[in-house]
Amino acid sequence: MSIKNFCDNMIRIKNAYKAFKDQVVLTNNNLTKLTLESMKLEGFIEDISEESFYLNVKLKYTNSIPAIKKIRLISKPSRKFYIGTDELKQSKKIKLNTMGYSVCFLSTNKGIMPTYKAYKENIGGLVLMECF
């Protein structure tokens, strides 16, 4: 799992949303592809198309408002943050912040999923990022 490439790709998505781009091209790796598929199911991005070495991601806007206001990387190449089932039970499934609802994405043994799905399945894992 290449967390460095994953962090670089998520920063590219954040910068593309700030610049109001329609799509962004990312390097293709398994962790990024699985996270993008989970983000698509949650409604943060519009579409993903895969080429040999690249992923073309179509960004989602609603009335010129980006679907993602902020991406905060929790696990970084220098620090990985794991959360167990006990911490999931103590924390809320979806947190309400000043920016709206936020969803954290976890890398678990059953794939990459949001925290509320991990809470339902009672599994923990590596916390990748938080989307607002």
If only one of Ser49, Ser75 is modelled with pLDDT of 95 or more and either in contact with a Phe, Trp or Tyr (Cβ under 8 Å, 6 or more places away or on another chain) or over 21 Å from Cys7 (Cβ atoms) (or both), which one is it? Ser49
Name, by its number, the condition in (1) in a loop (DSSP other than H, G, I, E, B); (2) in contact with a Ser or Thr (Cβ under 8 Å, 6 or more places away or on another chain) that does not hold for Ser52. (2)
Matching residues in segment 34-62 (within 18 Å of Phe105 (Cβ to Cβ), in contact with a Leu (Cβ under 9 Å, 6 or more places away or on another chain) and surrounded by fewer than 16 Cβ atoms within 10 Å (Cβ to Cβ)) number 1
Residue pairs qualifying under the 8 Å Cβ cut-off, at least six apart or on distinct chains, with the first in segment 29-46 being closer than 19 Å to Ser102 by Cβ and the second being of a type in the set (Asp, Glu), are Lys40/Glu46; Lys40/Asp47
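On the basis of being closer than 19 Å to Lys4 by Cβ and out of contact with any helix residue (DSSP H, G or I) (no Cβ under 7 Å at 6 or more places or on another chain), does Leu34 make the cut? If you could, list the steps in order and put the result at the bottom.
Numbers: closer than 19 Å to Lys4 by Cβ: yes; out of contact with any helix residue (DSSP H, G or I) (no Cβ under 7 Å at 6 or more places or on another chain): yes.
In short, yes.
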Checking Leu88 against (1) over 13 Å from the mean Cα position of the chain (by Cα); (2) assigned to a loop (DSSP other than H, G, I, E, B), which single condition isn't satisfied? (2)
Selection within segment 14-24 - in a helix (DSSP H, G or I), loosely packed, with under 13 Cβ neighbours inside 10 Å and of a type in the set (Gly, Ala, Ser): none
Determine whether Phe6 is surrounded by fewer than 16 Cβ atoms within 10 Å (Cβ to Cβ), of a type outside the set (D, E, K, R) and either touching a residue at least 40 places away in the same chain (Cβ under 8 Å) or over 23 Å from Thr108 (Cβ atoms) (or both). no
Residue identified as among the β-branched types (Val, Ile, Thr) and surrounded by 14 or more Cβ atoms within 10 Å (Cβ to Cβ) among Ile112, Ile65, Ile11: Ile112
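Would you check which residues across segment 19-33 are closer than 12 Å to Phe105 by Cα and of a type in the set (A, V, I, L, M) and list them?
Filtering segment 19-33 down to residues closer than 12 Å to Phe105 by Cα leaves 31-32.
Answer for segment 19-33, where residues must be closer than 12 Å to Phe105 by Cα and of a type in the set (A, V, I, L, M): just Leu31.
The values are calculated or read from the model by the stated rules, or taken from the named source; none is laboratory data. Bear in mind that the values here come from a model prediction, so they are computed numbers and not experimental data. Ideal geometry is used to build each Cβ from the backbone, glycine not excepted, and the neighbour counts take in all protein chains shown.
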